[in-house]
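Asker: Pasting a structure below so you can have a look.
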Amino acid sequence: MTVTLPIRMPVDTGGAMVATEVIQAQRGVVARILLPVGEPATLRLPQGRFLLRIRPPGGPVSDHEMTVDTAEESLTVLLSADTDRLQQERQAALGEAFDGAWVRLWALEDAWREVPLPGKPELAEGVLRRLRLQLPLGRIHAIQLGGKRIPWRVAMLPPAPEVDVVITTTGTLGFDGGARLEARSGDGAVEALLGYMKSGQLDSARVVAPVVLEALHRATLLGADGLLPAVAVGYFLLRTSDQAGPFDWMERLSEQAGWLPDAAIILASSLLRRQPDPDLGRARSLLVQAAQVGLPVYRDGLGLAFEGLRALASGTSDDPRTDGALAAVEPFARAADWRQHLASFRGHSPAEPTFSAILGVPTSAVVTIPGKRHVRVQRAGAQQANLAAAETIVVTRRSDYIDFSVTSQGPSEEAERVAEVRVLMGGLRPRLYQRSGPSLSYGDGREPVPREVRRAMRLDARVNDDLVEHLETNLRLE
Amino acid sequence: VTTVIDRFERRPQTHVLAIGVGSYRHLSSGEIPELANLLGRLTSPPRSAVAFADWIAAELNNPHAPLGSLELLLSPKQQYRLPGGDAVPVDEATSEAVKPAFDRWLERCNGDPGNVAMLFFSGHGIEYGDLHLLLDDVGASRFRLLENTINLTQTYGGLKQCQAMAQCFFVDACREISAELIEWRGASQGLLDVPLVYGNFARDAPIYFSTFESAQAFGDHERPSVYTELLLRAFATPTTLRGDETWAVTTSGLQEAIVQLFHRPRPGAPLPPDGQQPRLGGHTAGPTVLHVLDHSPSVQVSVACRPQAVTPRARLALTACDGTDLSWQRQPQPDTPEPWHVEVPVGSYDVRADFLLDRLPSAEKRAIVWPPARDIELPVDLQLEHLTPTALP
């Protein structure tokens, strides 16, 4: 006989697994087990009465009473997820948030490039709800969601051949504009482990971790089967110190998945924690390598890379490689949405994290003014240095505003350190809102220039052709 | 005075630093418009810190690390009365007062690896990469707006140099990003230097956040915050039954209880606000025992009929099955549509619904009650003949 147990899941999670406690009134918790959602599972329990306490990651607990009448009877249970009711309630309240929503898929090649969506998006009541993506391993992918009312944001995608992207409502408008973006691999145990880590339910995570670790040990090579478990267990062990690393499989992971920054970050973080002799030199190389490859897929990786590089950068007199890696990671760490277990942030693209909210629909009507060759950079308190050849200005026309990015590369470190830049636009003053670099100063457009830096500015103004023409005539650096 | 309890001994102890900031002397005066526009004075944080301190002083029981000291700072300035003791004036939570209190706390925590260090903060918080906790005198200078803040991220990193293997941080503060204030983020400092790479990486050091990143945390006027009440409920209902029949709150079990209780507000209490959800941060190597009960905890039980509409017409009863004859009962309450909320000890119970005034059939089931909370639903076998105008409200 199969007993169906309804549970409420916070999001629609096909193939999910949930940690479950088996409790007896006199003996307490007699077992902690992992149960699949939507598939029958057989429990072998001695005679008696039991409470099954089912703990979905981050969701409300479901309690179910069980009676086993004869000794060693097997009991088949089927967890039935009731996500629809929850979603329908929220959907009704916030359906309009999805008006004008869109997604874009990105792949990291030599740079981030937009790629066509494989497969057809699933719509529900006219609203984009789900994407099932088949993605080649060996390359990092990211999904971007935005809309008229949904701030544009980017989420890295799990390194798995099949990824399920689910878009739901959050119940409130807030930071997300009412839209939640979840991306999951098809590995229920891995996703459960990551989900429990996200909500901080580490007792439940400890129920799942041995299952994932076993899958890792079963995988002979770190291919599709072993990669995800290795990454998930790696982050779990770094969070909990349940076992002291580094382990051989972390070395193999780093060697065989060089395209995945998480692999190097996990090994580097484990080397930093190795007691009593952390391997700082190798950890530094690995973190620098990871930053050069790209952005880690998981938020724990982003946090560990930022923390590790910051510690290493402050602990050495001058190491351009470490400083450069930190400068590359920091804008993403600052813009990150730490609520997600995947690395996620607001941004124009996976390469451009932003602090402020961007709304609207991407337009192909992008106005670009390349290479203003007459720009000049004025050095603070010294004679002028003409760095024009190394300057480029790109103006990107958005729906309600204009973005400027100024890339500057000086002839010497000394010149770059003292240079000051003022952007003049014929009386219009842009607002500096973001730039890459290890330090930050705002104000009237003056700032010290690191060795290589791209400054981003925004002019909040209704865009029209007259304004663009005005800028083309007047935009310059002084 | 900030040291309200000092029982320091050279053995594993629990040392607590609690800070509640509500007055914010420079925020409401309007002298610093950049801050005044964003943040105001609060009434809940000092109440929260006092509630936490009260619980620590009166209830905390950890045989492995008994209470060794309690440092308390409250703004506005006020007296603190230890449970069953005298009232003492405690210092305001200014940067000048917090730093020496922190140093004393750290010295004590550092004395033994078996120590449990607890840091509780309630007040304004701003997060932009690092989390900045605002002290009473924040904004003393308009040129250094975040000068009198605690950079929690750096402080957490710095406490890697502390020998205490268990370090718990309770942060009851908003974690919103302020576009206006990020421009001054460089001025915020940790309370101690950060060891670069070396340190106590094996520490069990969870950060129990009242809310998730970039979200707000809420508190009612003149009463402890939603999160503090939730935290103290979680402390009061240990979920780990140990071999010696005692019940323990552990570092990891505490967050499980917080997550579970968050979805079940206390009867009569307002629902948790939208947009707030407690989160766990930091590094958790435990579970470490924080608190022990040598008796069975009381569990918050909710009893309702299915369909819910008949619950007010039922006489509801819980009877212990362990032969103690303990029982609880609620008479029909036609004006109370909510489920019946009752607190009972851990155990197995017969739960029953009788409809004395209606022709509805009785319903009963046996239920195991286990902390921190339990919902029990009694299915009522409604037949067509029961569906008369008098039978259903």
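Asker: Which whole number gives the average, over all residues in A:253-266, of C-beta atoms from other chains lying within 10 Å of the residue C-beta?
Answerer: Mean partner shielding for this stretch: 0.
Asker: Also, I was wondering about something else. Less than 9 Å Cβ to Cβ from B:Phe355, Lys/Arg counted +1 and Asp/Glu -1: what total charge do the surrounding residues give?
Answerer: +1
Asker: Can you compute the modelled spin-label distance between A:Glu162 and B:Asn61, with each label point 7 Å from Cα toward Cβ, in nm?
Answerer: Between A:Glu162 and B:Asn61, the simple spin-label model gives 5.3 nm.
Asker: A follow-up question, please. Report the calculated FRET efficiency for B:Lys365 and B:Asp244 (r = Cβ-Cβ distance, R0 = 35 Å), to the nearest 0.05.
Answerer: The value I calculate is 0.65.
Asker: While we're on this one: Put +1 on the Cβ of every Lys and Arg and -1 on every Asp and Glu Cβ in the stretch B:40-101; which of B:Leu42, B:Ser69, B:Phe52 then has its Cα farthest towards the positive end of the dipole?
Answerer: B:Leu42
Asker: Count charges around A:Arg55 for me, please; just the other residues with Cβ under 9 Å from its Cβ, Lys/Arg as +1, Asp/Glu as -1.
Answerer: In short, -2.
Asker: For B:Cys109, B:Cys162, B:Cys321, which order do you get if you count the other beta carbons within 10 Å of each Cβ and list the fewest first?
Answerer: Fewest to most other Cβ atoms nearby, the residues stand as B:Cys321, B:Cys162, B:Cys109.
Asker: Here is a follow-up. Would you mind computing, in nm to one decimal, how far apart the modelled labels at A:Asp319 and A:Ala111 are, each placed 7 Å from Cα along Cα→Cβ?
Answerer: Calculated label separation equals 2.9 nm.
Asker: Please arrange A:Phe247, A:Phe236 by counting, for each residue, the other beta carbons lying within 10 Å of its beta carbon, fewest first.
Answerer: A:Phe247, A:Phe236
Asker: So, with +1 on the Cβ of K and R and -1 on the Cβ of D and E, and no other charges, what is the size of the charge dipole of the stretch B:282-352 about its Cα centre, to the nearest 20 debye?
Answerer: With Lys and Arg at +1 and Asp and Glu at -1, about 340 debye.
Asker: Continuing with this model, one more query. How do A:Thr322, B:Thr149 line up, fewest other C-beta atoms within 10 Å first?
Answerer: With the fewest neighbours first, A:Thr322, B:Thr149 line up as A:Thr322, B:Thr149.
Asker: With a point put 7 Å past each Cα toward its Cβ, work out how far A:Arg274 is from A:Leu78 in nm, to one decimal.
Answerer: Output for this residue pair reads 5.1 nm.
Asker: Applying 1/(1 + (r/R0)^6) with R0 = 30 Å to the Cβ-Cβ distance of B:Asp86 and B:Gln163, what FRET efficiency is obtained, to the nearest 0.05?
Answerer: The computed FRET efficiency comes out at 0.35.
Asker: Also, I was wondering about something else. Go ahead and run the numbers for FRET between B:Gln333 and B:His263, Cβ-Cβ distance against an R0 of 25 Å, rounding to 0.05.
Answerer: Efficiency for this residue pair is about 0.55.
Asker: Say a paramagnetic label sat at a point 7 Å from the Cα of B:His295, along Cα to Cβ; which residues of the stretch B:40-63 have their backbone N under 19 Å from it?
Answerer: Taking a point 7 Å out along Cα→Cβ of B:His295, the residues of the stretch B:40-63 whose backbone N falls under 19 Å are B:55-63.
Just so you know, all these numbers are worked out from the coordinates, no wet-lab data involved. Keep in mind that this is a model prediction, so the values were computed, not measured. No Cβ is skipped: glycine too gets one built from the backbone with ideal geometry, and neighbour counts run over all protein chains shown.
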